[in-house]
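First the structure, in the form of structure tokens, and then the observations on it.
Values in this text are rule-based calculations from the coordinates and carry no lab data. Not measured: the values here are computed from a predicted model.
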Amino acid sequence: MKSLLLISTLASSLLLANNALADREHRHKHKHHDHHRHSYQVVEYTEYARVVSSRPIYRTVAVEVPMDSCRVETVAYSERQRGGDSFKGTVVGGLIGAAIGHEVGRNGHATAAGGLIGAAIGNDVAGGSRRVTRYEDREVCDTRYRTEYERQLVGYDVTYRYDDRIYHTETRHHPGARIVHVRGRH
């Protein structure tokens with residue numbers, strides 16, 4: 001009975017090997033027609049592992065701290081100011097213009113023209129605007145930066161156990177009692 005089982009196992013093995021060899025030869029002969037490629041796809045799945053310890057990681061970082069420095073300063077500014085009495089300016093300008101026109105032209109027309117031109121100029125000077133400089137106290141502030149060094153929490157050094165093996169990793173946040181362990185399989 002043992003020999004019958006042995007013979008049937010050998011016959012099955014030879015048959016499988018023969019089929020595999022024939023398939024390989026068929027593919028080799030028709031290689032230009034064979035567009036099949038064998039690829040392996042990695043499938044990932046998530047499992048959780050028990051956290052053994054987690055230790056905070058601190059780093060010293062430079063921080064620029066703004067500092068305002070304010071003081072009161074007297075500041076000059078200018079503004080336009082309307083002129084004073086334009087009537088007086090018109091009269092005085094007209095008299096001066098008439099006198100100049102009389103001397104230059106020696107007739108009534110020149111005197112009248114000079115008076116009108118002088119009156120217009122006197123009116124503009126007396127009634128026009130002028131720039132006046134004024135002063136006032138204002139608060140003036142400057143911002144400067146001071147470098148300070150502080151210790152900041154940047155993550156955690158985590159030790160965890162998975163499949164009776166110990167692993168180490170760094171995380172940004174505290175992991176809690178368990179952590180995600182990702183492993184690949186074919």
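Residues in the stretch 149-157 carry Karplus couplings, in order, of 10, 9, 8, 10, 6, 10, x, 9, 8 Hz; the curve used is 6.51 cos²θ - 1.76 cosθ + 1.60 with θ = phi - 60°, and Gly or Pro positions show x. Maximal additional length on extending the residue 71-residue 53 stretch stands at 1.0 nm, based on 0.36 nm per residue less the C-alpha distance.
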